[in-house]
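Here's the structure, in structure tokens; my notes come after.
Each value in this text was obtained by applying a stated rule to the coordinates, not by laboratory testing. Since we're looking at a predicted model, the values are computed, not measured. Quick reminder, even Gly has a Cβ in these numbers, built from the backbone with ideal geometry, and neighbours come from all protein chains shown.
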């Protein structure tokens with residue numbers, strides 16, 4: 001369910017959904033159980049208790065519920081919201097409010113932050129933002145961001161502090177001369193107070209749209225420190241949960257194509273060069289109407305049984321999505 005109400009400069013946003021996962025093997029898989037441990041970092045539950053009916057699970061979830069005011073200079077929002085930080089398509093290391101999980105069945109379905117955010121437009125291409133967000137343990141995250149344009153690219157400086165993490169980061173994106181290639185990078189210094197580690201993490205990505213309609217994207221992420229499996233799994237409720245990786249480097253790529261007005265397809269891959277394992281997700285989607293679609297896809301894992309991705313079983317799915 002999606003709704004946006006507006007009166008003058010004031011607005012209210014509501015986004016909620018009902019998820020039904022059908023497939024006994026999948027809902028009992030280690031992959032699904034791990035993804036279910038990832039919760040929203042909010043002081044209240046945004047999800048109902050799941051109802052298990054034997055071969056599947058169903059639950060409701062609210063993604064956005066906020067009220068705000070916007071004019072030419074000011075933009076203020078209070079409530080469950082998406083905080084705009086980061087330029088990554090696969091990984092978003094600087095986005096510590098609404099991190100994207102590229103290994104999820106629906107990676108673009110991200111949790112909201114319960115926050116008060118204020119953005120002031122310094123000019124047509126520059127702005128400054130401040131955010132205060134309340135967390136699951138009733139502590140707070142504080143962040144600031146200043147963004148501008150330097151001619152060849154948009155750049156931003158990000159600062160964040162919480163009781164378990166600190167971040168000083170950058171964002172930059174622009175066009176590669178007249179080639180039609182878009183490039184982007186984000187990253188910075190991270191202090192993991194919870195596990196007493198300090199590290200640097202950065203991404204570099206390229207996008208290109210061909211004349212025949214094919215859109216190709218590549219991305220590389222590098223971390224100066226790695227984490228053990230137990231460290232990653234045990235601390236899923238912390239600020240840096242999505243910044244902890246088993247390996248220092250990963251490569252990602254995806255391709256998207258509209259076959260016609262009704263059919264589209266995509267193919268995405270994440271590759272771990274250290275153990276040579278990979279995660280591949282092909283999807284074919286059909287638009288039933290403007291408000292409904294059906295998709296067939298797979299989550300394929302390749303590599304040795306002891307590798308990061310090779311240790312996970314393949315999954316195949318049929319997804320029906322309707323918006324009201």
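With the chain treated as a Gaussian network of Cα nodes joined by springs under 10 Å, which of 253, 153, 292 yields the largest mean-square fluctuation?
Evaluated over the chain, the most mobile residue of the options is 292.
Find how many whole Å separate the alpha carbon centroid of segment 95-142 from the alpha carbon centroid of segment 260-300.
26
Sort the following peptides by mean Cβ neighbour count (other Cβ atoms within 10 Å, averaged over residues), highest first: 37-44, 87-94. All intermediate terms of the calculation are to be shown ahead of the outcome.
Working: 37-44: 16.0, 87-94: 24.0.
In decreasing order of mean packing, 37-44, 87-94 become 87-94, 37-44.
Along the Cα-to-Cβ line of residue 274, 7 Å from the Cα, sits a label point; which residues in segment 287-324 have backbone N less than 13 Å from it?
So the set is 307-309.
Among 121-132, 156-167, 189-200, how do they line up from the highest to the lowest mean number of other beta-carbon atoms within 10 Å?
156-167, 189-200, 121-132
How much length is gained if the chain between residue 30 and residue 316 is pulled fully straight, taking 0.36 nm per residue apart and subtracting their Cα-Cα distance, in nm to one decimal?
Value of the extension gain: 101.4 nm.
May I ask you to give the average projected area over all directions of the convex hull of the Cα atoms of segment 152-279, in nm² rounded to one decimal?
Answer in nm², one decimal: 10.1.
With Kirkwood's inverse mean 1/r over C-alpha pairs for Rh, give me the Rg to Rh ratio of the chain, two decimals please.
Dividing the radius of gyration by the Kirkwood radius yields 0.95.
Let me have the 222 nm mean residue ellipticity of the chain computed from DSSP H runs of 4+ only, each contributing -39500 (n - 2.57), with the sum over all residues rounded to the nearest 500.
-1000 deg cm²/dmol
Run the numbers on segment 2-322 and let me know its relative contact order in percent, using alpha-carbon pairs under 8 Å that are six or more apart.
Reported as a whole number, the value is 9 percent.
Quick check: convex hull over the Cα atoms of segment 122-182, volume per residue in Å³, rounded to an integer?
Values: hull volume 6.3 nm³, N = 61.
So the per-residue Cα hull volume is 103 Å³.
In Å and whole numbers, how far do the C-alpha atoms of segment 49-200 stretch along each principal axis, longest first?
Principal axes ranked by extent give 57, 35, 35 Å for the Cα atoms.
Run the simple label-point estimate for residue 259 and residue 4 please: 7 Å along Cα→C-beta, distance reported in nm.
3.1
Does a label point 7 Å from the Cα of residue 181, set along Cα-to-beta-carbon, have any residues of segment 212-254 with amide nitrogen under 14 Å, and which are they?
Under cut-off, by backbone N: 216-220.
Under 8 Å for C-alpha pairs, at least 6 residues apart: give me the relative contact order for segment 1-151, rounded to a whole percent.
This gives 19 percent for segment 1-151.
Show me the ranking of peptides 16-23, 239-246 by mean Cβ neighbours inside 10 Å, starting with the highest.
Highest-to-lowest ranking by the protection proxy: 239-246, 16-23.
Taking 0.36 nm per residue of separation and subtracting the Cα-Cα distance, what length does fully extending residue 47 through residue 249 add?
Length gained between residue 47 and residue 249: 69.4 nm.
Taking the chain as a Gaussian network, Cα atoms linked when under 10 Å apart, which of 111, 208, 170 shows the biggest mean-square fluctuation?
208
For residue 12 and residue 191, what is the calculated FRET efficiency with R₀ set at 51 Å and r taken between the beta-carbons, to the nearest 0.05? Write down the numbers at each step before the final one.
Details: r = 37 Å, r/R0 = 0.72.
With a Förster radius of 51 Å, E is 0.90.
Nearest 0.05, what FRET efficiency do residue 222 and residue 39 give at R0 = 35 Å with Cβ-Cβ as r?
0.80
Using 0.36 nm times the number of residues separating residue 298 and residue 153, minus their current alpha carbon distance, what extension gain do you get?
48.6 nm
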